[in-house]
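Chemist: The following block contains the structure, expressed as structure tokens.
The values are calculated or read from the model by the stated rules, or taken from the named source; none is laboratory data. Only a predicted model underlies this, so the values are computations on that prediction, with no experimental measurement involved. In this analysis, Cβ positions are derived from the backbone assuming ideal geometry, glycine residues included, and neighbour counts consider all displayed protein chains.
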Amino acid sequence: MDLSYTAEDEAFRRKVRDWFERNTPGPLETHEQHRAWHRKLYEAGFIGMGWPKEYGGQGATPMQQAIVGEEMASLNVPGGVNGLGIGFIGPTLIAHGTEQQKQRYVPKILTADEIWCQLYSEPNAGSDLAGLQTRAVRESYQDGEYYVVNGSKIWTSQAHLADFAVLLARTDTQAPKHKGISYFIFDMHAPGVDVRPLKQITGSSEFNEVFFTDVKVPVENLIGAEGQGWQLAQTTLGYERGGSLLGRVIHHRGNLRRLFDVCRTLERDGAPLLDNPVVRQKLGQMIAETEVLYYGALRVLSRLDKGQRPGPESSIDKLYLSEMDKRHQELIQSILGPYGQLELGAPAEVMLHPDGVAGLQDATWTYNFLRSRAGTIYSGSSEIQKNIIGERVLGLPREARADRSAAASRG
């Protein structure tokens with residue numbers, strides 16, 4: 001894509017900036033306050049910008065999406081809710097859903113009238129997702145055909161808030177494990193669904209266990225064909241690992257701007273942190289690495305604009321993002337010293353404003369530091385991403401990797 005700004009781009013930027021200067025989110029202390037701000041962003045045309053117009057999107061160009069992201073970061077504007085739905089579930093439905101499914105669900109994902117989560121990982125099927133054991137058995141009832149679901153999922157983000165989910169379940173126990181999985185639209189309020197929040201190291205409970213006991217799923221909620229679930233899951237994971245990258249850049253840029261504000265006011269040895277050459281070096285490293293992520297996001301937007309879906313290359317972006325975030329949070333802790341370790345009662349200049357990542361609570365620097373570990377695990381761990389890059393991007397044979405690993409272990 002052409003990265004130079006045209007006169008039309010600059011006019012669009014002025015329009016965007018003017019809107020954000022005239023519209024502020026106000027308090028975002030409850031889920032409903034976040035949803036109200038989301039709807040306001042959507043009505044202004046800033047949610048689902050690249051989605052097709054026939055499903056409620058704006059059909060915006062990649063450059064327009066990038067401009068909105070830049071302005072939100074520069075003004076410290078929080079994003080919307082329904083991140084899983086907007087980031088990759090909606091695009092997967094657009095790519096693989098029936099017309100009836102798209103018309104029914106996609107618009108309400110955009111407006112956040114319905115919140116979505118993703119029912120993938122299980123206690124014994126995390127990185128080995130194809131080993132999942134949750135069953136979906138097709139049965140006939142007087143009122144129609146259903147798949148009856150039994151099993152459990154774990155580490156399900158936002159399940160306690162979700163109205164719907166995409167579910168991976170095994171429909172054929174005799175087929176090879178990658179071939180016997182199907183992909184469903186799942187009602188989180190259906191009888192037999194039990195959601196149990198998990199307390200995390202951060203102190204919050206955004207992850208959940210979900211248990212299914214004879215949950216009836218209408219056959220029309222099957223996405224694609226029976227047994228096609230693994231293929232569809234790869235589409236979703238591609239969007240998850242790369243398609244929502246610009247939103248991650250916005251978040252990181254916002255954090256960096258707040259960090260700079262802290263460094264301008266917080267003193268060490270009688271001088272602002274920003275005057276310390278070691279601190280400036282660390283800040284420069286974070287700025288440069290975030291810019292690399294930004295151009296990766298533009299590359300993904302360009303692919304989407306051409307009608308291409310994120311492929312295995314999205315694992316490169318996901319690996320870079322998660323390892324960068326962990327590295328940056330460690331640098332931030334080294335810059336802030338003891339202030340970065342305070343969860344409550346920290347001085348105002350070292351507190352983050354609500355940015356949506358922490359859910360319904362304010363996020364401290366400590367929260368972001370602790371949560372950064374999750375990024376190297378969810379959507380496939382860093383080790384899994386390296387395998388995907390080696391095998392599906394670089395074309396390395398499994399045997400060559402195993403031989404090198406054995407040689408390395410021998411020293």
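Chemist: Kindly indicate the residue of the range 51-68 that is part of a helix (DSSP H, G or I) and at pLDDT below 85 and also nearest to Arg258 (Cα to Cα) among those meeting that condition. Reasoning before the result, please.
Modeler: Pass one, the range 51-68, residues part of a helix (DSSP H, G or I): 53-55, 62-68.
Right, trim to at pLDDT below 85 and you get 62-63, 65-66.
Numbers: Pro62: 26, Met63: 25, Gln65: 23, Ala66: 21 Å.
Once the filter is applied, the top-ranked residue is Ala66.
Chemist: Applying the selection to the range 181-205, what residues are at pLDDT 95 or above, more than 19 Å from Thr92 (Cα to Cα) and in a loop (DSSP other than H, G, I, E, B)?
Modeler: His189, Ala190, Pro191, Gly192
Chemist: Of the residues Leu110, Leu41, Leu119, Leu132, only one is surrounded by 18 or more Cβ atoms within 10 Å (Cβ to Cβ), farther than 28 Å from Gly227 by Cβ, out of contact with any helix residue (DSSP H, G or I) (no Cβ under 8 Å at 6 or more places or on another chain) and not charged (D, E, K, R); which? Walk me through it before giving the result.
Modeler: Values: Leu110 fails: out of contact with any helix residue (DSSP H, G or I) (no Cβ under 8 Å at 6 or more places or on another chain); Leu119 fails: farther than 28 Å from Gly227 by Cβ; Leu132 fails: farther than 28 Å from Gly227 by Cβ.
Just one listed residue meets the conditions, Leu41.
Chemist: Select, from Glu289, Glu206, the only residue that is more than 21 Å from Ala159 (Cα to Cα) and either out of contact with any Pro (no Cβ under 6 Å at 6 or more places or on another chain) or surrounded by fewer than 18 Cβ atoms within 10 Å (Cβ to Cβ) (or both). Reasoning before the result, please.
Modeler: Working: Glu206 fails: more than 21 Å from Ala159 (Cα to Cα).
Checking each option against the conditions leaves just Glu289.
Chemist: Restrict the check to the range 219-230 and report whether at least one residue is in contact with a helix residue (DSSP H, G or I) (Cβ under 9 Å, 6 or more places away or on another chain) and among the acidic types (Asp, Glu).
Modeler: yes
Chemist: Inspect all residues belonging to the range 69-91 and state whether any of them is under 30 Å from Lys53 (Cβ atoms), assigned by TED's automatic domain parsing to the domain that holds Lys53, in contact with a strand residue (DSSP E or B) (Cβ under 7 Å, 6 or more places away or on another chain) and assigned to a loop (DSSP other than H, G, I, E, B).
Modeler: For the range 69-91, residues under 30 Å from Lys53 (Cβ atoms), assigned by TED's automatic domain parsing to the domain that holds Lys53, in contact with a strand residue (DSSP E or B) (Cβ under 7 Å, 6 or more places away or on another chain) and assigned to a loop (DSSP other than H, G, I, E, B): present.
Chemist: Please indicate, with yes or no, whether at least one residue in the range 97-110 is within 30 Å of Glu29 (Cβ to Cβ), basic (Lys, Arg) and within 23 Å of the chain's Cα centre (by Cα). Steps first, answer last, please.
Modeler: The initial filter retains those residues of the range 97-110 that are within 30 Å of Glu29 (Cβ to Cβ), namely 105-110.
Filter once more, keeping what is basic (Lys, Arg): 108.
From what's left, within 23 Å of the chain's Cα centre (by Cα): 108.
Checked the range 97-110: at least one residue is within 30 Å of Glu29 (Cβ to Cβ), basic (Lys, Arg) and within 23 Å of the chain's Cα centre (by Cα).
Chemist: Taking interchain pairs and intrachain pairs at least six residues apart, which have beta carbon atoms under 8 angstrom, with the first residue in the range 254-278 and without any contact (Cβ under 8 Å) to a residue 40 or more places away in the chain and the second part of a strand (DSSP E or B) and not small (Gly, Ala, Ser)?
Modeler: Matching pairs, first to second residue: Arg264/Pro272; Asn276/Arg268.
Chemist: On to the next question. Checking Val148 against (1) part of a strand (DSSP E or B); (2) surrounded by fewer than 17 Cβ atoms within 10 Å (Cβ to Cβ), which single condition isn't satisfied?
Modeler: Evaluating Val148 over (1) part of a strand (DSSP E or B); (2) surrounded by fewer than 17 Cβ atoms within 10 Å (Cβ to Cβ) leaves (2) as the failure.
Chemist: If the Cβ limit is 6 Å and pairs must be 6+ apart or interchain, which residue in the range 376-395 that is over 18 Å from Leu245 (Cβ atoms) pairs with which residue that is crowded, with 16+ Cβ neighbours inside 10 Å?
Modeler: The qualifying pairs are Arg392/Pro312.
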